[in-house]
Amino acid sequence: MGLFKRLFGICETKPPLDDACWDFSEGKVEIDLERASELTNPGGAIRLEGKGLPEKVLVVNGNDGSLHAFHNKCTHGGRRIDPLAQTENIRCCSVSKSTFDYSGQLISGPAKGPLKAYKLETENGKATISID
Ligand code: FES
């Protein structure tokens, strides 16, 4: 990621190409994994916003072979987060680059604390994320 993007906090992760692949109701995000092509391979990710979601959400197909979901707001200055290629970490898109592990624990950077990691379950081609 270039300096220009970091200065303005522009993240690499995009909303899903198929916006109908996910929905939010009664405190849960449900993702149809067959339609969320970005999550097919490790390192892939989508960001979810709108549809009544109370918080921005980042969903990552981790390099550990599992899906993970996080509050997409750095605990330093509130910038969005991206997966960090070739690692099992995620990193803030700002200049300061706070970095977290998949449990949300801070590894490095000026962030004030851990990142919220949501409970995520998969079943029958669907991922369900509990937003609490
Ligand atoms: S906003 Fe994330 S490190 Fe500053």
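Residue under question is residue 109, and the condition is that it be surrounded by fewer than 20 Cβ atoms within 10 Å (Cβ to Cβ) and within 16 Å of the ligand (Cβ to nearest atom); does it hold?
On the way: surrounded by fewer than 20 Cβ atoms within 10 Å (Cβ to Cβ): yes; within 16 Å of the ligand (Cβ to nearest atom): yes.
In short, yes.
Please state which of the following conditions residue 120 fails to meet, knowing it meets all the rest: (1) in contact with a Lys or Arg (Cβ under 6 Å, 6 or more places away or on another chain); (2) buried (at least 16 other Cβ atoms within 10 Å of the Cβ).
Of (1) in contact with a Lys or Arg (Cβ under 6 Å, 6 or more places away or on another chain); (2) buried (at least 16 other Cβ atoms within 10 Å of the Cβ), only one is false for residue 120: (1).
Hey, could you check the range 65-95 for residues that are farther than 22 Å from residue 130 by Cα and surrounded by fewer than 17 Cβ atoms within 10 Å (Cβ to Cβ) and say which is nearest to the ligand (Cβ to nearest atom)?
Out of the qualifying residues, it is 77.
Might you check whether a residue that is farther than 27 Å from residue 126 by Cβ, among the charged types (D, E, K, R) and in contact with a strand residue (DSSP E or B) (Cβ under 8 Å, 6 or more places away or on another chain) occurs anywhere in the range 30-45?
Within the range 30-45, the subset farther than 27 Å from residue 126 by Cβ is none.
No, the range 30-45 contains no residue that is farther than 27 Å from residue 126 by Cβ, among the charged types (D, E, K, R) and in contact with a strand residue (DSSP E or B) (Cβ under 8 Å, 6 or more places away or on another chain).
Do you know which of the residues in the range 1-16 that are in contact with a strand residue (DSSP E or B) (Cβ under 9 Å, 6 or more places away or on another chain) and without any contact (Cβ under 8 Å) to a residue 40 or more places away in the chain is surrounded by the most Cβ atoms within 10 Å (Cβ to Cβ)?
Across the range 1-16, the extreme among qualifying residues is 16.
What number goes with the only condition from (1) within 16 Å of the ligand (Cβ to nearest atom); (2) on the phi > 0 side of the Ramachandran plot that residue 52 does not pass?
Among (1) within 16 Å of the ligand (Cβ to nearest atom); (2) on the phi > 0 side of the Ramachandran plot, the lone unmet condition for residue 52 is (1).
Looking only at the range 31-42, count every residue that is touching a residue at least 24 places away in the same chain (Cβ under 8 Å) and exposed (fewer than 14 other Cβ atoms within 10 Å of the Cβ) and tell me the total.
Total meeting the criteria: 1.
Being part of a strand (DSSP E or B) and either modelled with pLDDT of 95 or more or within 19 Å of residue 125 (Cα to Cα) (or both), is that true of even one residue in the range 1-14?
Start the filter on the range 1-14 by keeping residues that are part of a strand (DSSP E or B), which leaves none.
Scanning the range 1-14 turns up no residue that is part of a strand (DSSP E or B) and either modelled with pLDDT of 95 or more or within 19 Å of residue 125 (Cα to Cα) (or both).
The values are calculated or read from the model by the stated rules, or taken from the named source; none is laboratory data. What you see is a predicted model, and the numbers here were worked out from it, not measured in a lab. Neighbour counts run over all protein chains shown; Cβ positions are idealised from the backbone, glycine included.
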